[in-house]
Amino acid sequence: MKITQQKAERHVLAVTVDNEAGILARIAGLFSARGYNIESLTVADISADHALSRITIVTSGPPAVIDQIIAQLDRLVPVHSVIDLTETGAHVERELALVKVAGTGEKRIEALRMADVFRAKVVDTTLTSFVFEITGTSDKVDSFIALMRECGLVEVGRTGVVAIGRGSEGG
Amino acid sequence: MTAPFPAPATMNDAAEMSGAQIIVQALVDLGVDTVFGYPGGAVLPIYDALFEHPQITHILVRHEQAAAHAAEGYARSTGKPGVVLVTSGPGATNAVTGITDALMDSIPMVVLTGQVPTTLIGTDAFQECDTVGITRHCTKHNYLVMDPARLGPVIHEAFHIATHGRPGPVVIDIPKNVQVATAPYIVPEQIEHRSYRPQVEPDSEAIASALALIASARQPIFYTGGGVINAGPEASTLLRELVELTGAPVTSTLMGLGAFPASDEKWLGMLGMHGTYEANMAMNRADLIIAVGARFDDRVTGRLDAFSPHSKKIHIDIDRSSINKIVAADVSVVGDAGRSLAALVAGWKAAGHTRKDLGEWWRRIEGWRATRCLDFPEDKAPEAEIMPQRAVKALYEATRHLDPIITTEVGQHQMWAAQHFGFEEPNRWLTSGGLGTMGYGFPAANGAQVAFPDRLVICIAGEASLQMNIQEMGTCAQYRLPVKIFILNNEWMGMVRQWQELTYESRYSNSYSDSLPDFVKLAEAYGWTGLKVDRLGDLDATIKTMIETPGPVMVDCRVAKLANCFPMIPSGAAHTDMLLQAAEVTGTMDDEAKALV
């Protein structure tokens, strides 16, 4: 017997939740309990009184599963809203990465040159290393990191995707 | 930490109460009359506060799992939330099965668990466990209360959440020092929750679309579930009215039995794996399914790609995540089952719809009914062995005029009870549907009996399931609960044995109920009345004795050992592939079928 799987599509969800203890475990636990994928998840407090957090989740699954994910998230008691940015239309996705590269000579110069092309900023340097800060779509960050592998990549830290809809309307 | 209760609140702030006093006062204010629980170190302050509040009856169970099931029985029979009080660590973990059961079957319940003091949380203290972590996925919501001033708002909110929208269990974990420390008792002014606002009123456009489909259907069928029961007795009344208006047949899930009267000619019986032939065939051939408060569980649908292939589906459910989860709906109605049925009834009348001629549809249904799928082979001689189906039918005939509350354990006896015991009204049938918890029925019967001391409450049990919470005989004896346990004793975990016969060529691996107790002696040891019957000729008289004997009674009804529960849709099969009799059993299944539960 073979176990078959359906074709998945990628969706970016913006989830507004009460900023309370255990909320992240509740969300992450829902995904693991029901077998949904999390490609990335970011969370931070977004309101002046620290009452609300926004969680950006990149997930993938067949359309019916995406619908289920949204419905399941929506029925959690501390969840205020769930917006499927992929479904609602144009939106901006950004990710930040800190990329540490070590080396000397030509490789060091090449790293700096490519950082310039990618508009990555140098946020730390020694005589033998750089830490670059790069912001962009996940694809762009992926490409930059791939290039840095050739130039003495030491370490990478990534935030995962944050996203917001285009235009003047709020979510 | 201040001195333990009943130390008075400080003189300069007389409004302050201990956390434990706040908890009990909140329960009183919320109208709680019964708490099922078991004391322990981390809830001693609450127990001490309970001591001072005789208006709350505390039922001392013998195991915390039984407290949760008893609360479920109380909730399911009354429509009110069940309340559980257990200690930290093992008290909480023992309750988890009952909490999960309540989640799966949408039973309103509030569980108060003690926790080690906040200063010891995370230190692996004695009887510490991560209760909120463990129960996060088996509750509708849960709380860890770190501040006694939060107790009032949290408890009021917990009851609101447990009982509004799709009902479910809510756990409140309360560290011991929070029970002892003092704070003002704050009653929230508004119970409207910031983020939790379930849609109760159905969308009028969805109702209009549903009505248009119902009015034009030629082969409609109502498929109703536990949501109709949860919506209160008026939902059942409205269902009956809508069925009368439309003339359509009705089937129901295991959880929905009683919403529509079994004696009505439009009742087709339960559907699904052990449902009737007519119910399953009608679902398969229907052109419109009106699903009300049901969730297309795998026990109901059978093989999904063959499930009711030609029908449109209207799905009415209070939980949006139930809609389109398993089966795509053509019309989705998010709302309370009762409000939705009311809107359909009102809309039907307002639009001036009239009952369609469903004569041809009913003639086909009568044809399926003619198979008499619930008949079973039987020797009717007085000395013959008792068929389990006969035992349920005899129990039904002997008690139906008494309007009993029936609970079951899980397995063959549960399905036979669902098939052969007719229910006329909601809240009379308490069974573990979603989780399928052996050990549910007896404590649930106790919970129902506590709520209705004068009603006849019968637990139809299997000898294997009953032993999972048999310690509750002590609870019955202590509170003089006159529960009747009717054991269909076939000396097997019957459903396991049946599947082994059907799927594993009768290799009966570990399914024999060996070393059974003498149930009559056991009953007597607890001060109950014990009865045993093993001849068909004595069955009716034994049941009569059971009913007429005051106090708790256990009947060891010895039944045919190898009877199978039919009809049956084998796992992985379609509704149209029902097994009606044992002769059709093949004895093996392919891997695809074996992989399904």
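Just so you know, all these numbers are worked out from the coordinates, no wet-lab data involved. Keep in mind the model is a prediction, meaning the values are calculated, not measured. So basically every Cβ, Gly included, is an ideal-geometry build from the backbone, and we count neighbours across all protein chains shown.
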Item to check | For segment B:37-49, Karplus couplings with θ = phi - 60° (6.51, -1.76, 1.60), whole Hz, Gly/Pro x | outcome: x, 8, x, x, x, 7, 10, 4, x, 5, 4, 5, 5
Checklist entry - When the dipole is taken about the Cα centre of chain B, and only Lys, Arg (+1) and Asp, Glu (-1) are charged at their Cβ, what size is it in debye, to the nearest 20? => result 840 debye
Checklist entry - Regarding chain B, what are the three Cα extents along the principal axes, ordered largest first, in Å? => result 80, 61, 47
Checklist entry - How large is the charge dipole for segment B:162-277, taken about the Cα centre, if only the Cβ atoms of Lys, Arg (+1) and Asp, Glu (-1) carry charge, to the nearest 20 debye? => result 340 debye
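Taking Cα pairs under 8 Å and at least six residues apart, what relative contact order does segment A:9-88 come out at, in percent?
Details: 136 pairs, mean separation 37.3, N = 80.
That works out to 47 percent.
Send over the per residue convex hull volume for segment B:172-301, Cα only, as a whole number of Å³. It would help to have the intermediate numbers written out before the result.
Numbers: hull volume 23.7 nm³, N = 130.
Enclosed volume per residue, from the Cα hull, is 182 Å³.
What's the FRET efficiency of A:LEU127 with A:ASP84 using the Cβ-Cβ distance as r and R₀ = 30 Å, to the nearest 0.05? Don't skip to the answer; put the middle values down first.
On the way: r = 48 Å, r/R0 = 1.61.
My answer for the efficiency is 0.05.
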Checklist entry - Which percent of Cα-Cα pairs in the protein assembly as shown sits in each 20 Å bin, short to long? => result 15, 42, 32, 10, 1, 0
Checklist outcome for this item: Place a point 7 Å from the Cα of A:SER143 in the direction of its beta carbon; the residues of segment A:76-117 whose amide N falls under 20 Å from it are A:91-100, A:110-117
Item to check | Relative contact order, percent, chain B [alpha-carbon distance under 8 Å, six or more residues apart] | outcome: 14 percent
Item to check | Two-site label geometry, B:LYS561 and B:TYR504: point separation in nm, points 7 Å out along Cα→Cβ | outcome: 1.9 nm
Checklist outcome for this item: Residues whose modelled amide H sits under 5 Å from the amide H of B:TYR143, counting only those 5 or more places away in sequence or on another chain, are B:VAL171, B:ILE172, B:ASP173
Next on the checklist: I want to check the label-to-label distance for B:ASP264 and B:GLU234. Put each point 7 Å from Cα in the C-beta direction and report it in nm to one decimal.
Outcome noted: 1.8 nm
Item to check | Neighbourhood net charge (12 Å Cβ-Cβ; Lys/Arg +1, Asp/Glu -1) for B:HIS156 | outcome: -3
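Sum -39500 (n - 2.57) across every DSSP H segment of at least 4 residues in chain A, then divide by the residue count to get the 222 nm mean residue ellipticity, nearest 500.
Details: 5 runs with 51 residues, N = 171.
Only helices count here, giving -9000 deg cm²/dmol.
From the Cα gyration tensor of chain A, with a ≥ b ≥ c the square roots of its eigenvalues, which class applies: rounded if a/c is under 1.5, or else prolate if a/b is larger than b/c, or else oblate?
Working: a/c = 2.30, a/b = 1.76, b/c = 1.31.
It is prolate, given that a/c is not under 1.5 and a/b is the larger ratio.
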Checklist entry - Roughly how tilted is helix B:151-163, in degrees to the nearest 10 and between 0 and 90, from the longest Cα axis of chain B? => result 0 degrees
Next on the checklist: List the residues, sorted by chain then number, that are 5 or more residues from A:SER40 or on another chain and whose placed amide H is less than 5 Å from its amide H.
Outcome noted: A:VAL58
Item to check | Qualifying aspartates and glutamates (Cα of each under 13 Å from Cα of B:LYS80; at least 8 residues distant if same chain) | outcome: B:ASP33, B:GLU72
Checklist outcome for this item: For A:HIS80, other-chain or 5+-apart residues with amide H closer than 5 Å (H placed, Pro excluded) are A:THR16, A:VAL17, A:ASP18
Checklist entry - Over 20 Å between Cα atoms, which of A:LYS7/B:LYS140; B:LYS393/B:LYS544; A:LYS7/A:LYS140; B:LYS312/B:LYS594; B:LYS393/B:LYS484 qualify? => result A:LYS7/B:LYS140; A:LYS7/A:LYS140; B:LYS312/B:LYS594
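Suppose only helical runs count, i.e. DSSP H with n ≥ 4. What mean residue ellipticity at 222 nm does that imply for chain B under -39500 (n - 2.57) per run, divided by all residues and rounded to the nearest 500 deg cm²/dmol?
Details: 23 runs with 219 residues, N = 597.
Roughly -10500 deg cm²/dmol at 222 nm, from the helical runs in chain B.
Please rank A:THR137, B:THR78, fewest neighbouring Cβ atoms within 10 Å first, as an exposure proxy.
Working: A:THR137 13, B:THR78 17.
The most exposed by this proxy come first: A:THR137, B:THR78.
In what sequence do B:LYS594, B:LYS521 fall when counting other Cβ within 10 Å, fewest first? Intermediate results must be reported in sequence, preceding the final value.
Details: B:LYS594 15, B:LYS521 9.
So the ranking, lowest neighbour count to highest, is B:LYS521, B:LYS594.
Sorting B:ASP105, A:ASP45 on the 10 Å Cβ count, fewest up front, what's the list? Walk me through the intermediate numbers first.
Details: B:ASP105 26, A:ASP45 12.
By the 10 Å Cβ count, ascending, the order reads A:ASP45, B:ASP105.
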Checklist entry - Among all stretches of chain A without exposed GluC sites (Glu not before Pro) (DSSP loop, at most 15 other Cβ atoms within 10 Å), which one is longest? => result A:40-149
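Semi-axes of the equivalent ellipsoid for segment B:253-325, please: Cα gyration tensor eigenvalues, times 5, square-rooted, ordered largest first, whole Å. Could the numbers behind the result be given before it?
Details: eigenvalues 67, 48, 28 Å².
With the √(5λ) rule applied to segment B:253-325, the semi-axes are 18, 16, 12 Å.
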Checklist entry - Considering segment A:9-88, what Rg and Dmax in Å follow from its alpha-carbon atoms? => result 11.8, 37
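Before anything else, pin down the relative contact order of chain A: Cα pairs under 8 Å, at least 6 apart, normalised by residue count, whole percent.
Working: 309 pairs, mean separation 43.7, N = 171.
It rounds to 26 percent for chain A.
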Checklist outcome for this item: Distribution output for segment A:91-164: share of Cα-Cα pairs per 10 Å bin in percent, first bin at 0, values 22, 56, 18, 4, 0
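Where Rh is the Kirkwood radius over the Cα pairs of segment B:1-153, the temperature 25 °C and the viscosity 0.890 mPa s, what D in µm²/s does Stokes-Einstein return?
Details: Rh = 15.9 Å.
Approximately 155 µm²/s, per Stokes-Einstein.
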Checklist entry - Which whole-Hz ³J(HN,Hα) couplings does segment B:493-501 yield from phi under the Karplus relation 6.51 cos²θ - 1.76 cosθ + 1.60, θ = phi - 60°, glycine and proline marked x? => result 6, x, 6, 5, 4, 4, 5, 5, 5
Checklist entry - Under a point spin-label approximation (7 Å from Cα along Cα-to-Cβ), what is the B:TYR512-B:THR119 distance to one decimal in nm? => result 5.9 nm
Checklist entry - When the label point is put 7 Å from the Cα of A:LYS7 along its Cα-to-beta-carbon vector, which residues of segment A:72-93 have a backbone N closer than 18 Å? => result A:87
Item to check | Span from the segment B:412-443 Cα centroid across to the segment A:1-72 one, whole angstrom | outcome: 36 Å
Checklist entry - Under unit Cβ charges (Lys, Arg +1; Asp, Glu -1), what dipole magnitude, rounded to 20 debye, does segment A:91-164 have relative to its Cα centre? => result 100 debye
Checklist entry - Residue by residue through segment A:91-104, which ³J(HN,Hα) values in whole Hz follow from phi under the Karplus form 6.51 cos²θ - 1.76 cosθ + 1.60 (θ = phi - 60°), with glycine and proline marked x? => result 8, 10, 10, 9, 9, 10, 9, 10, 10, 9, 10, 10, x, 9
Item to check | aspartates and glutamates whose Cα lies under 20 Å from that of B:LYS266, excluding same-chain neighbours fewer than 8 positions away | outcome: B:GLU234, B:GLU241, B:GLU244, B:GLU278, B:ASP287, B:ASP357, B:GLU360, B:GLU366, B:ASP375, B:GLU424, B:GLU425
Next on the checklist: Would you report the distance distribution of C-alpha pairs in segment B:60-134 as whole percents per 10 angstrom bin, up to the bin with the largest distance?
Outcome noted: 21, 48, 24, 7, 0
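Give me the inter-chain shielding for B:310-321: mean count of other chain Cβ atoms within 10 Å, whole number please.
Details: counts 0, 0, 0, 0, 0, 0, 0, 0, 1, 3, 7, 10.
Other-chain Cβ atoms within 10 Å of each residue's Cβ, averaged: 2.
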Item to check | Crossing angle, helix B:359-369 versus chain B [Cα axis fit, 0-90 degrees, rounded to tens] | outcome: 80 degrees
Item to check | Estimated FRET transfer efficiency (B:LYS521, B:SER209; beta-carbon r; R0 56 Å; 0.05) | outcome: 0.35
